[in-house]
Amino acid sequence: MFVHRIPVFFAAAVGVAAFPAFADTIDPETYSADLAVGESATITKTVVVEASGPSDAVIDVHFLIDTSGSMGGEINAAKDASSDLFASLETTFGDVAASVGVFSEGAFLDDVRPNANVIFGSGLSTNNTTFTDNVNDVSLGVPDGGGDFPESGYTGIALSGDNLDWRAGSNRFMFVFTDASAKGDLAGAQAALAAEDISLVTLAYGDLDTITASYGDPLGGTVFSSSTSAADIIADVTAGITAGFSEYETVTVDDLGLGLPLGIDVSTVCTSADIGACVGAEAIGDYDRSEDRAFTFDVTFTRTAEGDAEFFTNALVDGGIVAREFDSFTDGTGPSPVPLPAGFPLLLTAFGGLALLRRRAA
């Protein structure tokens, strides 16, 4: 990923309202059928990856905060921004889970020292209050006070990436708040980011070139020169996530394995790609969001066992969910299902419907 070298005034000039309404889609949005064991149904699903981006994406965000002695103002700014930040990300992007951790001279993952963790509490949460409480638990000088530059950012990234319970099908981001260069487990940080497909974004509060040399160049991360304004922090985080969706290489439709335990096997064949080519289940190419791009897929549902089944089929861009279709199936052995109210798929997600998904291997 290329590195942004953006001056502070950029964030101040761009408010959250400046970002467009996002609208990646999968059509149809719902599908239902009555299938006996051994029967199949095939439908065409169209995925539009819009220039404006997704509004129903599944996004996991970890905020890793440098707590060395010079970061007092920045830590307070993160606390001031936290609740509005979470709410803004939900409004802009969709289904958001967020977590927070710290590092300084060292970086730890140690339950014996609950305030010295690169992951606070239970980790990623879809609850704004939980996230805000975790940010408010961040203390200057914890875990170990810090010293002269550099700080253990690499080790913090490696531990966070390896130990967070990332949600299946999520688009994954890690934001580092720091004013210092990094030291520690560089190879571990690189491996964790690659293995979990995490986009790294750094909010720099020190020398931009120095921080870029640590977090941008060796880690393929994006670097913003930020400020202690809550509005600037929200704008920078929003811009960092937006940049993470700006280019992509694969598009497909997949239930991520959720249908099969319920007696419905799902298979996909790509039938048309905006540009690039269809290869099996995927559209593959060098895509960007300079314009809306449409892709079509033949999706076949095959009944493998009796019983009613309800689950999501997802539009996936580079393996991350950007839009969802709700599918329901009966097998003809019981009463017809009661029609679902509008908005029920989103409600199901809120109650953990995505917890059963299996992230597709990269």
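The values are calculated or read from the model by the stated rules, or taken from the named source; none is laboratory data. Values in this document were obtained by computation on a predicted structure and should not be read as measured data. Neighbour counts run over all protein chains shown; Cβ positions are idealised from the backbone, glycine included. The accessibility values were calculated without ligands, DNA or RNA, using every heavy atom of the protein model including side chains. Shrake-Rupley method; radii C 1.70, N 1.55, O 1.52, S 1.80 Å.
Looking at (1) assigned to a strand (DSSP E or B); (2) open to solvent by 10 Å² or more (accessible area, probe 1.4 Å), find the lone condition where V201 falls short.
Only one criterion is unmet by V201, namely (2).
What do you reckon, is F86 out of contact with any Leu (no Cβ under 8 Å at 6 or more places or on another chain), modelled with pLDDT of 95 or more and not in a helix (DSSP H, G or I)?
On the way: out of contact with any Leu (no Cβ under 8 Å at 6 or more places or on another chain): yes; modelled with pLDDT of 95 or more: yes; not in a helix (DSSP H, G or I): no.
Criteria not met by F86.
Return the only residue of S160, S214 being open to solvent by less than 40 Å² (accessible area, probe 1.4 Å) and under 16 Å from F63 (Cβ atoms). Talk me through it step by step, then tell me what you get.
Details: S214 fails: under 16 Å from F63 (Cβ atoms).
Just one listed residue meets the conditions, S160.
Does G53 fit the bill of being open to solvent by less than 10 Å² (accessible area, probe 1.4 Å) and either at pLDDT below 95 or among the small types (G, A, S) (or both)?
Spelling it out, G53 is indeed open to solvent by less than 10 Å² (accessible area, probe 1.4 Å) and either at pLDDT below 95 or among the small types (G, A, S) (or both).
From (1) closer than 22 Å to S52 by Cα; (2) surrounded by fewer than 17 Cβ atoms within 10 Å (Cβ to Cβ), pick out the condition that doesn't hold for D209.
Only one criterion in (1) closer than 22 Å to S52 by Cα; (2) surrounded by fewer than 17 Cβ atoms within 10 Å (Cβ to Cβ) is unmet by D209, namely (1).
Quick test for you: out of G259, G206, G263, pick the one residue that is modelled with pLDDT under 95 and more than 17 Å from the chain's Cα centre (by Cα). It would help to see each step written out before you state the result.
Details: G259 fails: modelled with pLDDT under 95; G263 fails: modelled with pLDDT under 95.
None of the other options fit; the residue is G206.
Give segment 56-87 a look and list any residue that's within 22 Å of V317 (Cβ to Cβ) and surrounded by fewer than 24 Cβ atoms within 10 Å (Cβ to Cβ), or say none. Quick ask: steps written out before the conclusion?
Taking segment 56-87 as the starting set, the residues that turn out to be within 22 Å of V317 (Cβ to Cβ) are 56-62.
D56, the sole residue that qualifies.
Collect the residues in segment 246-278 that are open to solvent by 50 Å² or more (accessible area, probe 1.4 Å) and hydroxyl-bearing (S, T, Y), keeping them in residue-number order.
S267, T271
Give me the pairs, please: first residue somewhere in segment 281-298 and crowded, with 22+ Cβ neighbours inside 10 Å, second residue anywhere and among the small types (G, A, S) and assigned to a strand (DSSP E or B), beta-carbon distance under 7 Å, and either six or more positions apart or on two chains.
F295/S272; F295/A283
Where residues in segment 174-198 are farther than 17 Å from D162 by Cβ and of a type in the set (D, E, K, R), which of them is surrounded by the most Cβ atoms within 10 Å (Cβ to Cβ)?
D179
So which residues in segment 154-178 are more than 25 Å from D318 (Cα to Cα), modelled with pLDDT under 95 and either assigned to a loop (DSSP other than H, G, I, E, B) or not polar (S, T, N, Q) (or both), if there are any at all?
Passing the criteria: only G156.
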